[in-house]
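Asker: Here it is, the structure in full.
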Amino acid sequence: MNQLPIIDISPLYSADQTAWQSIAMQIDHACREWGFFYIKGHPIAPSRIDAVLDHAQRFFALPAAEKLKIDITQTRHHRGYGAIATEQLDPSKPCDLKETFDMGLHLPTDHPEVIAEKPLRGPNRHPSMPGWESLMEQHYVDMQALAQTLLRAMTLALDIERDFFDTRFKEPVSVLRMIHYPPRHTASTEDQQGAGAHTDYGCITLLYQDAAGGLQVRNVQGEWINAPPIEGTFVVNLGDMMARWSNDRYLSTPHRVISPLGVDRYSMPFFAEPHPDTAIECLPGCQDERHPAKYPATTCAEFLLSRFADTYAYRREREAV
């Protein structure tokens, strides 16, 4: 129980449809036992990862005043730059030792949902860097496609319609995030972590992490184990929304980042989350008389906003007004 499974998903991109069942069962086992696994054999090219990482490093190296031109706390739809200590994922620890950039599905100001001021809906706010916007917008599209391929495989194990997730991920609120973790010696206190222990909010997360390391996952015995970088892979984990959909059949597992010593760490998670109006309620095959639904029905937007209020001081202040 000290090694996360590694699943080769390349058969999901072949003409052999019988291979889907084997991959679905491997994913199902990992989701039940861990809530975490690695994937290899995906279509995201190493050159793309290198380009995105290079742009992220150059963005975070900009002067603070330049980054704060797209300050995330000055928007109502949670897009842009988050300064160090903007987040507090573990309320028992100091605010996190990291800075971030968040983007989502770009909806122009004349989109009906933006005009209606629906939460988490609006245009992206990109830095003024050559090539940044086109690269990131394309990477967002490609990561969303990869996430939906994994979700399509999960439908076989969950015994739901093959297009169940596809229909719910039209105009999603998925988030592509860039994160910079400064070296540990820059922490304000000894117990300030890169990212405090937490579970993710959404459906599934696909994470690229650089060679610095620092990600730790809590296994079912309650032990923290390392989830080291493996070249050519993404780390995949489930969020609370998937746990609610599956009635905790699938695990939303606590994890954290311990900032490495002496080096900067960069990671790029993609949080796959459905359309904000999507109903999040127990799937039919995940409940019966002995296992009734554990969670009340909610919507994607309601659930995410409640979690954001727990994590971001500026969101709590806004909700209180």
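Asker: Name the residues in the stretch 132-147 that are surrounded by 15 or more Cβ atoms within 10 Å (Cβ to Cβ) and hydroxyl-bearing (Ser, Thr, Tyr), would you?
Answerer: 140
Asker: At least 2 residues that are over 15 Å from the mean Cα position of the chain (by Cα), at pLDDT below 90 and surrounded by fewer than 20 Cβ atoms within 10 Å (Cβ to Cβ) in each: list the helices (runs of 4 or more DSSP H) lying fully within the stretch 237-321 that qualify. Give the derivation first.
Answerer: Details: elements: 240-245, 300-311, 313-320.
Output list reads 300-311, 313-320.
Asker: If you don't mind, there's one more thing I want to ask. Six or more apart or on different chains, Cβ under 8 Å: which pairs go from a residue in the stretch 188-214 that's in contact (Cβ under 8 Å) with a residue 12 or more places away in the chain and farther than 30 Å from residue 274 by Cα to one that's in a loop (DSSP other than H, G, I, E, B) and of a type in the set (Lys, Arg)? Could you list them?
Answerer: That search, which allows pairs on different chains as well, returns 191/93; 192/93.
Asker: Among the residues of the stretch 51-58, is any touching an Asp or Glu at 6+ places or on another chain (Cβ under 8 Å) and within 29 Å of residue 3 (Cβ to Cβ)?
Answerer: yes
Asker: Restricting the stretch 54-99 to residues that are touching a Leu at 6+ places or on another chain (Cβ under 8 Å), in contact (Cβ under 8 Å) with a residue 60 or more places away in the chain and within 20 Å of residue 304 (Cβ to Cβ), which is surrounded by the fewest Cβ atoms within 10 Å (Cβ to Cβ)?
Answerer: Within the stretch 54-99, the subset touching a Leu at 6+ places or on another chain (Cβ under 8 Å) is 55, 77-78, 81, 83-85, 96.
Still in the running and in contact (Cβ under 8 Å) with a residue 60 or more places away in the chain: 55, 78, 84-85, 96.
Then keep just the ones that are within 20 Å of residue 304 (Cβ to Cβ); that gives 78, 96.
Details: 78: 23, 96: 27.
Among those residues, the one meeting the criterion is 78.
Asker: Now for a separate question. Please indicate, with yes or no, whether at least one residue in the stretch 170-179 is part of a strand (DSSP E or B) and surrounded by fewer than 20 Cβ atoms within 10 Å (Cβ to Cβ).
Answerer: Within the stretch 170-179 (the criterion being part of a strand (DSSP E or B) and surrounded by fewer than 20 Cβ atoms within 10 Å (Cβ to Cβ)), the answer is yes, since at least one residue qualifies.
Asker: While we're here: Does the stretch 138-146 include one or more residues that are within 28 Å of residue 65 (Cβ to Cβ), modelled with pLDDT of 95 or more and under 20 Å from the mean Cα position of the chain (by Cα)?
Answerer: Step one: list which residues in the stretch 138-146 are within 28 Å of residue 65 (Cβ to Cβ), which gives 139-140.
Then drop every residue that is not modelled with pLDDT of 95 or more, which leaves 139-140.
From what is left, the residues that are under 20 Å from the mean Cα position of the chain (by Cα) are 139-140.
Yes: the stretch 138-146 contains one or more residues that are within 28 Å of residue 65 (Cβ to Cβ), modelled with pLDDT of 95 or more and under 20 Å from the mean Cα position of the chain (by Cα).
Asker: Another question about this same structure. Hey, residue 198 hits all of (1) surrounded by fewer than 17 Cβ atoms within 10 Å (Cβ to Cβ); (2) closer than 26 Å to residue 31 by Cβ; (3) in contact with a Pro (Cβ under 7 Å, 6 or more places away or on another chain) but one; which does it fall short on?
Answerer: (1)
Asker: If I filter the stretch 201-229 down to residues being small (Gly, Ala, Ser) and either in a strand (DSSP E or B) or at negative phi (or both), which single residue comes out as surrounded by the most Cβ atoms within 10 Å (Cβ to Cβ)?
Answerer: Per the criteria, the residue is 202.
Asker: Restricted to the stretch 185-233, and to residues that are modelled with pLDDT of 90 or more and β-branched (Val, Ile, Thr), which residue is nearest to the chain's Cα centre (by Cα)?
Answerer: 205
Asker: All but one of (1) surrounded by fewer than 20 Cβ atoms within 10 Å (Cβ to Cβ); (2) closer than 23 Å to residue 280 by Cβ; (3) touching a residue at least 40 places away in the same chain (Cβ under 8 Å) hold for residue 127, so report the exception by its number.
Answerer: (2)
Asker: Pairs, please: C-beta under 8 Å, at least 6 apart or cross-chain, first residue closer than 13 Å to residue 25 by Cβ and in the stretch 156-169, second among the hydroxyl-bearing types (Ser, Thr, Tyr)?
Answerer: So the pair list comes out as 158/246.
Asker: Considering only the stretch 99-125, how many residues are within 17 Å of the chain's Cα centre (by Cα) and modelled with pLDDT under 95?
Answerer: The qualifying residues number 1.
Asker: Follow-up. The conditions are (1) of a type outside the set (Ser, Thr, Tyr); (2) surrounded by fewer than 21 Cβ atoms within 10 Å (Cβ to Cβ); (3) part of a helix (DSSP H, G or I), and residue 150 fails exactly one of them. Which is it?
Answerer: Unmet for residue 150, out of (1) of a type outside the set (Ser, Thr, Tyr); (2) surrounded by fewer than 21 Cβ atoms within 10 Å (Cβ to Cβ); (3) part of a helix (DSSP H, G or I): (2).
The values are calculated or read from the model by the stated rules, or taken from the named source; none is laboratory data. Keep in mind it's a predicted model, so treat the numbers as computed, not measured. Here the Cβ is made from the backbone with ideal geometry for all residues, glycine too, and neighbour counts use every protein chain on show.
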